[in-house]
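Data first, discussion second: the structure below is written as structure tokens.
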Amino acid sequence: MRLPCFLLLVLVLLASCHGSGAIAQEIASGEAADGAAAVSTVIDSTPIVLVAIGIISVLGLIIGLKLNAFLALIISALVVSLLIGFDSGADAGSRMNAVVSAFGTSAAGVGIVIAMAAIIGKCMLDSGSADRIVHTAIHVTGEKKASLGLMISGFILAIPVFFDTVFYLLVPLARSLYRRTNKNYLRYLMAIATGGAITHTLVPPTPGPLLVSAILGVEVGMMMLVGAAVAIPSAILGLGFSILADKKMPIPMRPLGTNEDKHKPLEESKLPSLWSSLLPVVLPVALIGAGTLAMTFADGEDRAALLTSDIENFDMLAGKFANATRKSPAGQILNSTVFDDADRERLKTPPQDEQAQQQVVTLINEALLAKDFYAPSAFADVAIPSVTTQLMKVDSVRMKPVDRRRMNRALLDAAYPELIAPHRWESPMRKTARSLGLWSNPNFALLLAALSAMLTFKIVRSLTWRELGVDVEESLMSGGVIILITAAGGAFGAMLSQTGISQTIQDHFAGQQAAGVAILILAWAISSVLKVAQGSSTVAMIVGAGMIAAILGDTKPPFHMVYVATAVGSGSLMGSWMNDSGFWVFTKMGGLTEGEALRSWTPLLATLSLGGLITTIILSSILPMTM
């Protein structure tokens, strides 16, 4: 029960800091003119209590009562949801619907992918494709370095592709390796997880680090370079931990479904060719990677950014700002929290030269990135563009800055068509990215991969279509259980998020100050606590980056901001447990019990997290790259 104690300790420490934070605020605030004491702000501890109840519930049901993971997660999600309703006054029926909705959202995100991955895994194992890849790899690396090869494969493949997809595709290789060596199964699984997890949180164009770099103002190329530099030693450290964990608690490979071993292994001469064996792995990675890179380049054009040539009349624009009321589009821009008084005065003053015009455009572009740019009262007389309406429905936490600017720029174009030329979003690169939309969709890419794996399986084993259908159905039965558990874990994590724990953490760290190495530790700590509390690494990275950016304000650290970004990314790996979909992917696709995953996956990611933080601190000291 060491992990539950650790999780509860994190929450208790956060709660205990509330009192000291309030005292610090009182001491730091100056005395009022009349000598009255400053009033401190007390942070609501209810979310912390609700999260603690959720932790105790799910761990108690799974570890204590040995209840099925799906039931335990759904029950715990419902308990937390009902407590949220009791606290907020919402009726119990709506809180049950909230659990159902979160479950559906999670299932929609992973259902097809896991089903296709289950088919791919069984077909690759039974057709001998996984054996062919393993044989070839061992000829190159040797049996003793097989885990290193798996780690490198995961490291590279997870740069353009989500961790879950990489793990699904490489698990058949780990199982085939175990069949060949009859040892080191846990090491193989952890090696794949090591490579996939570290680049998933540190190296763009994976969405998490891509958004962090945008929030902190770090160039994507710099984030890729330094992210990889931080990830490599961390991955080596993780591989070393994987070897130690495998020696301490060797775990045999268990069947994932019924009749998994009904097809006898083939002789090496009868195995499929290397190219047909690799197709189910290479095809989805190539398709998803191509779409990701095309979208990254298209976003890099930032076509929604305002240009000086887009302004028809700078004098009239300055007049709009000078005469703006608060309930007007110009007033909404003018009162943006990103501006100071000097910025507002600059917007009200007609620019006299090109440099001044560029300053005005730069300020407006900053305002277009604000999350609160749109206010119904300010745009009451403006016909809301369809693109804005569509983007308003997107999750604001995960929205890319380029999409937020597009959403707000369309509003600005509609508000002042006589002053601002409408932006042209479509470009050749954007059209290319859109043309790849279907092919690079993970669900469609894995469907193609599953079909290729099925075809190879049918040909090699000389199966009829009916026999192939029976094997596919067996794989889907095991995949269905994994989908249910993973979706239930997503619903549980969503209910923890709805407690308001993220806002509580933000309130706690608000007003903090840090300098030097303390900035990196604070960025890592914020992201870590967010990860433990709500489960998603991507959300922990995005919210954590926004918080540390607000804490820093105009303060420039004594090193490049890319190190702050890698500290945030490293922190998002800490404390992965049962509210994290990655935990369940590793557990169920690997055939492990929950207890085994808590003793392997969770400390592995903690090792990667600490390794990333230490590497970041060292690099920031010896290579600060200050401007």
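The values are calculated or read from the model by the stated rules, or taken from the named source; none is laboratory data. It should be emphasised that the depicted structure is a prediction, and the values quoted were computed from it without experimental measurement. Positions of Cβ are generated from backbone atoms using ideal geometry, with glycine treated the same way; all protein chains shown enter the neighbour counts. Surface accessibility is based on the protein's heavy atoms, side chains included, excluding ligands, DNA and RNA. Shrake-Rupley method; radii C 1.70, N 1.55, O 1.52, S 1.80 Å.
Summary of computed values
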read-out: Residues whose placed amide H lies under 5 Å from that of Ile420, excluding near-sequence neighbours; value: Glu312
read-out: Sequence-separation-based contact order of the chain, relative, with Cα cut under 8 Å and 6+ spacing, percent; value: 22
read-out: Fully extended contour minus Cα-Cα distance, from Ile243 to Leu448, at 0.36 nm per residue; value: 70.3 nm
read-out: Label-to-label distance, nm, for residues given as Ser94 and Ser309 (7 Å Cα→Cβ offset); value: 5.1
read-out: Label-to-label distance, nm, for residues given as Ile236 and Val338 (7 Å Cα→Cβ offset); value: 4.0
read-out: Gain upon complete extension [Ile622, Lys183; 0.36 nm per residue less C-alpha separation]; value: 153.9 nm
read-out: Which labelled figure in (1) 45, 30, 24; (2) 82, 23, 21; (3) 48, 37, 21 is semi-axes √(5λ) of the Cα gyration tensor in Å, once derived from the coordinates; value: (1)
read-out: Relative pair counts by distance (%), Cα atoms of segment 428-493, 5 Å bins; value: 3, 14, 14, 16, 16, 14, 11, 9, 4, 0
read-out: Apportionment of accessible area to carbon and sulfur, the chain, percent (1.4 Å); value: 62
read-out: Estimated vicinal HN-Hα couplings, Hz - segment 374-387 in sequence order (Karplus 6.51, -1.76, 1.60; Gly, Pro = x); value: 7, 9, x, 5, 6, 10, 4, 9, 10, 6, 5, x, 5, 5
read-out: Ser576, Ser497, ranked by accessible area, largest first (probe 1.4 Å); value: Ser497, Ser576
read-out: Global form of segment 202-342, assessed from the alpha-carbon gyration tensor, a/c cut-off 1.5; value: prolate
read-out: Cleavage-rule hits, GluC sites (Glu not before Pro), segment 370-472, DSSP coil, Cβ neighbours within 10 Å at most 13; value: Glu418, Glu426
read-out: Distance from segment 554-583 to segment 375-454 (C-alpha centre basis), Å; value: 27
read-out: Farthest positive-ward along the chain dipole, Cα basis, beta-carbon charges - from Val282, Thr626, Gly493; value: Val282
read-out: C-alpha center-to-center spacing [segment 284-357, segment 182-200] in angstrom; value: 45
read-out: Mean-position separation - Cα centroids, segment 51-82 and segment 93-121, in angstrom; value: 18
read-out: Area of Asp340 that stays accessible when all protein chains are in place (1.4 Å probe, Å², to 10); value: 80
read-out: Helix-only CD estimate at 222 nm, as mean residue ellipticity for the chain, using -39500 (n - 2.57) per DSSP H run (n ≥ 4); value: -23500 deg cm²/dmol
